[in-house]
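The values are calculated or read from the model by the stated rules, or taken from the named source; none is laboratory data. As the structure is a computational prediction, the values presented were derived from the model and not from experiment. Cβ atoms come from the backbone with ideal geometry, glycine included; neighbour counts cover every protein chain shown.
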Amino acid sequence: VVTLSSATESRHARIVLESTPCQLGGERWWLLCHGCERRTMHIYARFEGPALLCRTCAGIPYATLTANRLDRIRIARDKVARQLGLDGTSRLPPFGFPTQPPRMRFDTYARLADEVWRLDLAALEASERWVTWMQGRFFPAGRTRANARRTAARRDAREQR
């Protein structure tokens, strides 16, 4: 029995476990969802309705489903960078790639390095498209930042008269 508590309420929920045999012996334990009674490795707590639910019943999407194009590129790039031994969120070292990780074939290292460069370029292109789109929203066709500043300065001068 698990106690779920918040600032305003407290609730008890029973965790149901189920096991399945593994192919090479032993067993794997699963948590059962209170909503659909499906086996899952992760359950999420809620205060309304059934207390412990799987991702599907709780309506929790995967991060990549709600991410925009630039975020998906960064997620993919960080995954490949971790395979090269880089911290997933760090940029490349200033003097090129890190040394080849121990016991990694050179062909694999070269393929992953090319993939990081390709994803970095894709992220740069996606960023440029986003900036262009934002400029189009705030500075419609024919209006540049300089024109917008001049227009604002003229308007301010008229208001002060």
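The residues in segment 58-89 that are without any contact (Cβ under 8 Å) to a residue 60 or more places away in the chain and either buried (at least 16 other Cβ atoms within 10 Å of the Cβ) or not in a loop (DSSP other than H, G, I, E, B) (or both) can be counted, and the count is 21.
For segment 1-55, enumerate the residues that are basic (Lys, Arg) and within 23 Å of Leu65 (Cβ to Cβ). Across segment 1-55, the qualifying residues are Arg38, Arg39, Arg46, Arg55.
I need a count of the residues in segment 82-96 that are at pLDDT below 85 and under 23 Å from Ser127 (Cα atoms). Adding up the residues that qualify gives 10. Filtering Thr151, Thr99 for residues that are in a loop (DSSP other than H, G, I, E, B) and modelled with pLDDT under 85 leaves a single hit, Thr99. Against the conditions (1) closer than 30 Å to Trp130 by Cβ; (2) at pLDDT below 90; (3) not basic (Lys, Arg), Ile73 satisfies every one except (2).
So which residues in segment 120-148 are of a type in the set (A, V, I, L, M, F, W, C), exposed (fewer than 12 other Cβ atoms within 10 Å of the Cβ) and either outside any helix (DSSP H, G or I) or at pLDDT below 80 (or both), if there are any at all? Scanning segment 120-148 gives Phe138, Ala141, Ala146. Within segment 98-117, being under 12 Å from Ala81 (Cβ atoms) and either among the aliphatic types (A, V, I, L, M) or within 22 Å of the chain's Cα centre (by Cα) (or both) holds for Leu112, Ala113, Glu115, Val116, Trp117. Within segment 7-37, if we keep just the residues that are surrounded by fewer than 13 Cβ atoms within 10 Å (Cβ to Cβ) and basic (Lys, Arg), the residue that is modelled with the lowest pLDDT turns out to be Arg14.
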